[in-house]
Amino acid sequence: MRAVVYDRYGPPDVLRLEDVERPVPKQDEVLVKIHATTVNRSDVHTREANRRSGLAVTLLSRLISGLRRPRQRILGREFAGEVEAVGAAVSEFAVGDRVFGLGGLTFGAHAEFMCMRESARIAHMPAGMSFEEAAPICDGALNALMCLKQADLRKGRRILIYGASGAIGTAGVQLARYFGADVTAVSSTKNLELVRSLGADRVIDYTKEDFTKNGQTYDVIFDAVGKHSFKRCRDSLEPGGLYLPTDGPVNILLALMPSRKGAKRVVFQLPPRQPKKDVLFLKELIEAGKFRPVIDRCYPLEDVIEATRYVETQRKVGNVVLSVNDGRDS
Ligand SMILES: NC(=O)c1ccc[n+]([C@@H]2O[C@H](COP(=O)([O-])OP(=O)(O)OC[C@H]3O[C@@H](n4cnc5c(N)ncnc54)[C@H](OP(=O)(O)O)[C@@H]3O)[C@@H](O)[C@H]2O)c1
């Protein structure tokens, strides 16, 4: 099968197309013929061994994905496609089913075929969706959901979402709205209309206004793009308010520190938890018309380097999709 492989950590041009062996499903696994996948920040960070995040994070990244060179040669975590074969113990899926999901740290979706355990994050595709629409359902939304679950969002709770136009941000706005919260979304001028259309009650253009200086306060501030800090946001939180980060070693330390009852604090789900039932929840939301993944650009698998360079601009809006096998419905 064709796959995008890499044998050393480095810039996007370490990626190349190669013919590799097709995986064979184990007893409890499903073999998926992939029609669409995505390039996201996990792929980018892993490919360069998180070298921009400092020595400690780079080392940790290499311990997970291979100290000298990548243990898994194929990146890609999100997928949508058709079940090509199933192991003897599989009961939830049958050959021909249209499925989508999110793989784990073993990656493998930038390829024509990939195996997934049936108990892992794989589900039947929502009705009426194309493969390219279904591939980016999980990653941003599961990250957003994992963070927002910490915040007891409901009617009357006020949340500000910073970086509302990214993969996590566009999902976060829709989910916070679904949970009934009052949503303020922060993005640059060109993305204001989009985030408003996703359900933000009000928007702030960060190129014109600094939300930390306008005197408004929130119950929750969600930094969906890793560009803000608890320190800078603190005065914009209500007493007892929560700051939800998406990454950063400092944030993890802050989240682990004990805090006084009722104090403003950083909350981060440790260890990260993105269970299969959340994938099924997203599917339900899509079928109820309450959520849709935002797609910025779609590239053929062959153009993975170009797609990756675009993701690395940190300006993508929502998600970047790769079509595999022409992404065709068959
Ligand atoms: N997606 C993942 O795989 C993943 C997994 C775990 C953790 N994370 C972390 O989660 C965070 C977000 O990831 P993501 O994939 O959702 O990001 P993303 O999609 O790459 O975010 C891109 C968006 O961020 C906005 N942006 C860029 N600089 C900004 C700034 N200074 N202020 C406000 N907005 C800015 C851009 O909009 P404008 O052009 O309008 O500024 C763009 O639409 C990162 O910290 C990442 O490390 C990501």
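The values are calculated or read from the model by the stated rules, or taken from the named source; none is laboratory data. Because the structure is a prediction, the values reported are computed rather than measured. Methodologically, a virtual Cβ is constructed for each residue, glycine included, from the backbone with ideal geometry; neighbour enumeration extends over all protein chains shown.
Within the stretch 296-309, the residues that satisfy the criterion of being in a helix (DSSP H, G or I) and touching a Phe, Trp or Tyr at 6+ places or on another chain (Cβ under 8 Å) are GLU306, ALA307. Restricting attention to the stretch 144-156, and to residues there that are of a type outside the set (Asp, Glu) and either in the same structural domain as GLY76 (by TED's automatic domain parsing) or surrounded by fewer than 20 Cβ atoms within 10 Å (Cβ to Cβ) (or both), which single residue is nearest to SER42 (Cα to Cα)? Of everything passing the filter in the stretch 144-156, MET146 is nearest to SER42 (Cα to Cα). Every condition in (1) more than 30 Å from LYS190 (Cβ to Cβ); (2) in a loop (DSSP other than H, G, I, E, B) holds for VAL279 except the one numbered (2).
Is it fair to say LEU102 is of a type in the set (A, V, I, L, M, F, W, C), touching a helix residue (DSSP H, G or I) at 6+ places or on another chain (Cβ under 9 Å), buried (at least 20 other Cβ atoms within 10 Å of the Cβ) and within 30 Å of GLY240 (Cβ to Cβ)? Taking the combined requirement at face value, the residue does not satisfy it. Sub-9 Å Cβ pairs linking a first residue in the stretch 61-88 that is not assigned by TED's automatic domain parsing to the domain that holds GLU118 to a second residue that is part of a strand (DSSP E or B) and among the charged types (D, E, K, R), at least 6 apart or interchain, number zero.
Beta carbons closer than 6 Å, at least 6 apart along the sequence or on distinct chains, pair a first residue in the stretch 215-238 that is on the phi > 0 side of the Ramachandran plot with a second that is within 16 Å of the ligand (Cβ to nearest atom) and not in a strand (DSSP E or B) for GLY226/THR246; GLY226/ASP247. Number of residues in the stretch 242-272 that are in a loop (DSSP other than H, G, I, E, B), touching a helix residue (DSSP H, G or I) at 6+ places or on another chain (Cβ under 9 Å) and away from the ligand (no atom under 13 Å from the Cβ) equals 3. If only residues of the stretch 202-247 that are in contact with a strand residue (DSSP E or B) (Cβ under 9 Å, 6 or more places away or on another chain) and small (Gly, Ala, Ser) are counted, the one that is surrounded by the most Cβ atoms within 10 Å (Cβ to Cβ) is ALA224. Mind checking whether some residue in the stretch 167-176 is without any contact (Cβ under 8 Å) to a residue 60 or more places away in the chain and over 26 Å from ARG77 (Cα atoms)? There is no residue in the stretch 167-176 that is without any contact (Cβ under 8 Å) to a residue 60 or more places away in the chain and over 26 Å from ARG77 (Cα atoms). Check whether at least one residue in the stretch 115-137 is of a type in the set (S, T, N, Q) and at pLDDT below 95, and report yes or no. No, the stretch 115-137 has no match at all.
With respect to PRO293, is the statement that it is touching a residue at least 40 places away in the same chain (Cβ under 8 Å), assigned to a loop (DSSP other than H, G, I, E, B) and surrounded by 13 or more Cβ atoms within 10 Å (Cβ to Cβ) true? Yes, satisfied. Taking SER130, is it within 26 Å of LYS316 (Cβ to Cβ) and over 16 Å from the mean Cα position of the chain (by Cα)? Spelling it out, SER130 is indeed within 26 Å of LYS316 (Cβ to Cβ) and over 16 Å from the mean Cα position of the chain (by Cα).
Taking the stretch 101-192 as the region of interest, the helices (runs of 4 or more DSSP H) fully inside it that hold 1 or more residues being within 13 Å of the ligand (Cβ to nearest atom) are 138-148, 167-178.
The condition (being under 23 Å from ALA123 (Cβ atoms), among the hydrophobic types (A, V, I, L, M, F, W, C) and in a loop (DSSP other than H, G, I, E, B)) is satisfied by just one residue among VAL83, VAL32, VAL90: VAL90. Taking the stretch 33-73, which residues are away from the ligand (no atom under 16 Å from the Cβ) and over 19 Å from CYS298 (Cα atoms)? Scanning the stretch 33-73 gives LEU55, LEU59, ARG62, LEU63, GLY66, LEU67, ARG68, ARG69, PRO70, ARG71, ARG73.
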